1. Does residue 77 satisfy being free of Cβ contacts under 8 Å to residues at least 12 places away in the same chain and farther than 21 Å from residue 4 by Cα?
2. Determine whether residue 142 is touching a strand residue (DSSP E or B) at 6+ places or on another chain (Cβ under 9 Å) and touching a residue at least 40 places away in the same chain (Cβ under 8 Å).
3. What residue, of 130, 123, 188, is within 21 Å of the chain's Cα centre (by Cα), at negative phi and more than 16 Å from ligand 2 (Cβ to nearest atom)?
4. Where the second residue is more than 6 Å from ligand 2 (Cβ to nearest atom) and part of a loop (DSSP other than H, G, I, E, B) and the first is more than 12 Å from residue 182 (Cβ to Cβ) and lies in segment 158-170, which pairs have Cβ atoms under 7 Å and are six or more apart or on separate chains?
5. Quick one: count up the residues across segment 29-68 that are assigned to a loop (DSSP other than H, G, I, E, B) and touching a strand residue (DSSP E or B) at 6+ places or on another chain (Cβ under 6 Å).
6. Looking at segment 159-169, which of its residues are surrounded by fewer than 17 Cβ atoms within 10 Å (Cβ to Cβ) and either in contact with a helix residue (DSSP H, G or I) (Cβ under 9 Å, 6 or more places away or on another chain) or in a loop (DSSP other than H, G, I, E, B) (or both)?
Ligand code: SF4
Ligand code: SF4
């Protein structure tokens, strides 16, 4: 899932300093699971913003909404009837959700209330770690199910770099060397010969026409 973390309240207060009536919009997708932007966080952020503005002598009206997903047009329509009555929206969805809201509701500013960090997993309660950088050409079948791009500090496609010590990364001795993990896993699987495979340089281009990457599934389009 996409992992995010709330922005400092002072940063959000600065974004809305000239507003007297805003929406705080959450999302029930990934950001709910990682406790950054769900219904509960909408309530907490709204209360904190209200309190801060009361204290400053500039009270603010806040409408709280939580959409099923902010990255899906059908759910954005659920707020269309009233969104223009407000001066701004603070969205605590991921960056994709904030941008999609900004595209669909063009008359009012859309402000990000969280920082979107990475695609990752829940290690234990309250701890999330990165697993994927959405490279567009997954190599996990070669690397024993461990991503060389997100797990190696240098994102080496053909590691290791030779600097690891006792299984730890030379860049950060607190973390496991990604290529040590790949080696150990391939050994477990009896597939160490896969280390001989040269993984070609990744194509990070956005396509011949430039712009953001796009996926079109003909079987799903109308
Ligand atoms: S190789 Fe790594 S970054 Fe690329 S898609 Fe697979 S998990 Fe994601
Ligand atoms: S020590 Fe391992 S994880 Fe760190 S940069 Fe080198 S190969 Fe990558």
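1. Yes.
2. In short, no.
3. Details: 130 fails: more than 16 Å from ligand 2 (Cβ to nearest atom); 188 fails: within 21 Å of the chain's Cα centre (by Cα).
After ruling out the rest, the residue left standing is 123.
4. Taking only residues 6 or more apart or on different chains, the pairs are 168/175; 169/175.
5. Going through segment 29-68, the residues assigned to a loop (DSSP other than H, G, I, E, B) turn out to be 29, 34-38, 56-60, 68.
Filter again for touching a strand residue (DSSP E or B) at 6+ places or on another chain (Cβ under 6 Å), leaving 34, 36-38.
Here the count works out to 4.
6. Answer for segment 159-169, where residues must be surrounded by fewer than 17 Cβ atoms within 10 Å (Cβ to Cβ) and either in contact with a helix residue (DSSP H, G or I) (Cβ under 9 Å, 6 or more places away or on another chain) or in a loop (DSSP other than H, G, I, E, B) (or both): 161, 162, 163, 166, 167, 168.
Conditions (1) in a loop (DSSP other than H, G, I, E, B); (2) away from ligand 2 (no atom under 11 Å from the Cβ); (3) exposed (fewer than 13 other Cβ atoms within 10 Å of the Cβ), marked per residue:
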| site | (1), (2), (3) |
| --- | --- |
| 142 | yes, yes, no |
| 146 | yes, no, no |
| 157 | yes, no, no |
| 171 | yes, no, no |
| 183 | no, no, no |
| 212 | yes, yes, yes |
| 221 | yes, yes, yes |
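Residue by residue, here is whether (1) at positive phi; (2) free of Cβ contacts under 8 Å to residues at least 12 places away in the same chain; (3) surrounded by 18 or more Cβ atoms within 10 Å (Cβ to Cβ) holds:
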| residue | (1), (2), (3) |
| --- | --- |
| 53 | no, no, yes |
| 58 | no, no, no |
| 65 | no, no, no |
| 70 | no, no, yes |
| 83 | no, no, yes |
| 90 | no, no, yes |
| 95 | no, no, no |
| 99 | no, yes, no |
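The values are calculated or read from the model by the stated rules, or taken from the named source; none is laboratory data. Here the structure is a predicted model, which is why all the values come from computation and not from measurement. Positions of Cβ are backbone-derived with ideal geometry, glycine not excepted, and every protein chain shown enters the neighbour counts.
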